[in-house]
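The block underneath contains the structure these notes are about, expressed in structure tokens.
Taken together, the values in this text are just the output of simple stated rules run on the coordinates, not laboratory data. All of these numbers come straight from a predicted model, not from anything done at the bench. Methodologically, a virtual Cβ is constructed for each residue, glycine included, from the backbone with ideal geometry; neighbour enumeration extends over all protein chains shown.
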Amino acid sequence: MERMEIRLAGKGGQGVILASIILAEAAVNAGKYACQTQSYGPEARGGACKAETIISDNKISYPEITVPSFVMALTQNAADKYVRNLPEGTIVVLDSSVTPPAETDKYRLYRLPILHTAEYEVGKAFTANIVAVGAINRILGICSFEELTETVLKRVPKGTEEINIKALKAGNDMDLEG
Amino acid sequence: MSKAVLMQGNEACVKGALKAGMRFFAGYPITPSTEIAEGCAVELPKLGGKFIQMEDELASMAAVIGASVTGTKAMTATSGPGFSLKQENIGYACEAEIPCVIVDVQRSGPSTGLPTSSSQGDVMQTRWGTHGDHPIIVLSPSSVSETYYLTIRAFNLAEKYMTPVILLMDEMIGHLRETVNLYDDVEIINRKQPDEPEGNFEAYKAGENLVPVLPVFGSGHYYNITGLTHNTWGFPTNNRKIAGDLNSRLLNKIEKNRKDIESFEEYLCDDAELLIVAYGGSARVGEESVDMLRKKGIKAGMYRPVTIWPMAETRLAELSERTGKVLVIEHNNGQYVHEVERVAGKKVEVGFIGNISGSYILPTEVVKKAEEMYYAK
């Protein structure tokens, strides 16, 4: 695998950083090199939040994203900020609540009901990050669903295993074309 | 070899410290070092160790010194604003020769600055933050796995040379999670203790490598510990001869053992015609830049000081002289570059790229500057 640069953006409290960690850890478990970083403001909730995962078959020197190959935005702010000036063919995932910014036709665009699925299908808004992880792995094929399940179980808080697996399945089974 | 896992830099620091035998942590949590305090709070009680959150950084540093005097390997972790507050007691540990490890995960300053952004702005502060001519050892890791090994080495050097050692991290490495494969089989150095029976003890007499053998408090050996200039029994004195001898010994115990303390790494330096110098997080930018430059046909290499203080000068001087062109990259406004200039000498062209915005330097910026230098007459 060439260097794959995955940027996840949303607001603090949505679990974007944990989603990014799970993707990196799943890649490491699948025998790849991974780097994971994040940037956020001093506030605990609600501020803009961005988390990045780099996956490669080779050792990773520069641990930051330079040209993302994948961008997910869960909020309008995140989409307006990060879904711009991307190279043609970049995979872009927008939550369906987000209005696509201009020029999205040059990207491989997915509009997925991530927040809606978490809140109404899974039943807990806080599982949106795990719904996203399921969908992202379907799109990028980082590892098998079983390996991903194992990683998610290791990383989510005790007592939330069942609902998070439900979320992961919902993300994995999401209609990507819809 | 263990299995490859994903680990955060701050987490690796805790693992290294525990492996080295650290059993006391006192601190006042601060971003981006907080995960170190959190990790110690979780792990130390399981091992019979103690974690204490003190009222501030001054007290944390004092508690660390107190714990170490009893023979316990002790550590604190902080970031720039807290590191400033620890300086007075770091000086005390230098003067009284109390081993301890201070981790500074640098963030962007000055003052409280940008709490969640990376920086390398404390490099000179690690050398001269506390007042007076004093010895110091500073190590700077540039990856998560190296953070583990250097934390262990920091404790080893502290115990061997009876001195505070600073592990100079930056947010870039402290908060980075990456693939690591850690070895368990590492050398651990423990503090020397006297063979002599209990009683009055001339603790501050120069021992092997000019390092004194300080009995742990409570062992029954009587001596005094003070931040004042003292005689070999530890008692304060104004005697100029004794003061001069003590201060010289303190500096020489590091100076005369530089070969053992210094460490550095080279990346593709053998045939290099342009030398990049970087350390800690900025070395990750440097390494990527070297690869990019090589692809463009420019024979670049990187020299990475691992022991920042004392600086491993001999090899740097050789490489600078041979290449004639040196490019220093730091996430600050230019601090270590002046040391590099001093070592490289006036005949060598030394360029610099810094960043004080809280962002990381881009490898493309380095490549551009390196190309200018390389093709200049």
Which of the peptides B:112-124, B:276-288 is most tightly packed, and how do the rest follow, judged by the mean count of other Cβ atoms within 10 Å per residue? B:276-288, B:112-124
Suppose every Lys and Arg Cβ carries +1 and every Asp and Glu Cβ carries -1, with no other charges. What dipole size does the protein assembly as shown come out with about its Cα centre, to the nearest 20 debye? 360 debye
With just the Cα atoms of the protein assembly as shown, tell me how far they stretch along each of the three principal axes, in Å, largest first. 85, 64, 42
Considering only segment B:5-180, percent of DSSP beta bridges that pair antiparallel, nearest 5: 20 percent
Check which residues have an amide H placed less than 5 Å from B:Lys299's amide H, if you skip close sequence neighbours. B:Glu273
Tell me the relative contact order for chain A as a rounded percent, counting alpha carbon contacts under 8 Å between residues six or more apart. 21 percent
FRET efficiency for A:Glu2 and B:Arg342, Cβ-Cβ distance as r, R0 = 41 Å, nearest 0.05? 0.45
Cα axis of helix B:363-375 to longest principal axis of chain B: angle in degrees, 0 to 90, nearest 10? 70 degrees
Averaging the inverse of every distinct alpha carbon separation and then flipping it gives the Kirkwood radius. What is it for chain B, in angstrom units? 21.3 Å
Which chymotrypsin sites (Phe, Trp or Tyr not before Pro) from segment B:168-234 combine a DSSP loop assignment with at most 12 other Cβ atoms within 10 Å? B:Tyr183
What distance in nm separates the simple spin-label points at B:Asn238 and B:Glu202, each placed 7 Å from Cα in the Cβ direction? 2.5 nm
What aspartates and glutamates sit close enough to B:Lys3 to cross-link, taking a C-alpha to C-alpha distance under 18 Å and skipping anything fewer than 8 places away on the same chain? A:Glu25, A:Asp57, A:Glu147, A:Glu150, B:Glu11, B:Glu146, B:Glu178, B:Asp184, B:Asp185
The exposure ranking of B:Val138, B:Val328, fewest beta-carbon neighbours within 10 Å first, is B:Val138, B:Val328
What lysines could a cross-link reach from B:Lys192, if we take a straight Cα to Cα line under 25 Å and drop same-chain neighbours fewer than 8 places away? B:Lys15, B:Lys19, B:Lys50, B:Lys73, B:Lys160, B:Lys205, B:Lys253, B:Lys256, B:Lys259
Which whole number gives the average count of other chain Cβ atoms within 10 Å of the Cβ atoms across peptide B:167-174? 1
Centroid-to-centroid separation of segment A:24-94 and segment A:99-178 [C-alpha atoms, Å]: 15 Å
Given a Förster distance of 41 Å, the FRET efficiency implied by the Cβ-Cβ spacing of B:Asp260 and A:Arg84, rounded to the nearest 0.05, works out to 0.15
What's the percent breakdown of Cα-Cα distances in chain A across 5 Å bins, shortest bin first? 1, 9, 19, 22, 23, 16, 8, 2, 0
Just want to confirm a number: the relative contact order over chain B, from Cα pairs under 8 angstrom separated by 6+ residues, in percent. 16 percent
Write down the percent of antiparallel bridges among all DSSP beta bridges whose residues are both part of the protein assembly as shown, to the nearest 5. 40 percent
